[in-house]
Amino acid sequence: MTNTELILNMLAEASTKDISAVVQPNNFDENKKVAIKGGNVAKVARQELEANTGKNVVTSLNAKSIHKLNNNKSELELE
């Protein structure tokens, strides 16, 4: 997961929390609707970023693979 993916995830969570504070859902279905709205905020941000950069934001990378890539890069710089 890249930094941008993490940031968009945080945006979705923060947006959901803020919307929930205003809407004050009382049951599962209401909470689900709030979660969808919060996720949509991040979705719109992702789509806008992808449209402006021409690159996909979502990758198949995870923390382990990024760490491995960074270690290999460091080893190459030492040579």
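The values are calculated or read from the model by the stated rules, or taken from the named source; none is laboratory data. As the structure is a computational prediction, the values presented were derived from the model and not from experiment. Here the Cβ is made from the backbone with ideal geometry for all residues, glycine too, and neighbour counts use every protein chain on show.
For Glu30, indicate whether it is of a type in the set (Asp, Glu), surrounded by fewer than 14 Cβ atoms within 10 Å (Cβ to Cβ) and in a helix (DSSP H, G or I).
Numbers: of a type in the set (Asp, Glu): yes; surrounded by fewer than 14 Cβ atoms within 10 Å (Cβ to Cβ): yes; in a helix (DSSP H, G or I): yes.
Answer is yes for this residue.
Can you say whether Lys37 is assigned to a helix (DSSP H, G or I), at pLDDT 95 or above, among the charged types (D, E, K, R) and surrounded by 11 or more Cβ atoms within 10 Å (Cβ to Cβ), as far as the supplied structure shows? When the stated conditions are applied, Lys37 passes them.
Residue-wise test of (1) of a type in the set (Phe, Trp, Tyr); (2) touching a residue at least 12 places away in the same chain (Cβ under 8 Å); (3) assigned to a helix (DSSP H, G or I); (4) loosely packed, with under 11 Cβ neighbours inside 10 Å.
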| site | (1), (2), (3), (4) |
| --- | --- |
| Met10 | no, no, yes, no |
| Glu13 | no, yes, yes, no |
| Asn52 | no, no, yes, yes |
| Lys64 | no, no, yes, yes |
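As a summary of the residue check, Gln47 satisfies the conditions (1) within 30 Å of His67 (Cβ to Cβ); (2) of a type outside the set (Phe, Trp, Tyr); (3) not in a helix (DSSP H, G or I) except for the one numbered (3).
In the condition set (1) under 29 Å from Lys68 (Cα atoms); (2) more than 12 Å from the chain's Cα centre (by Cα); (3) of a type outside the set (Val, Ile, Thr), Lys37 is compliant with all but (1).
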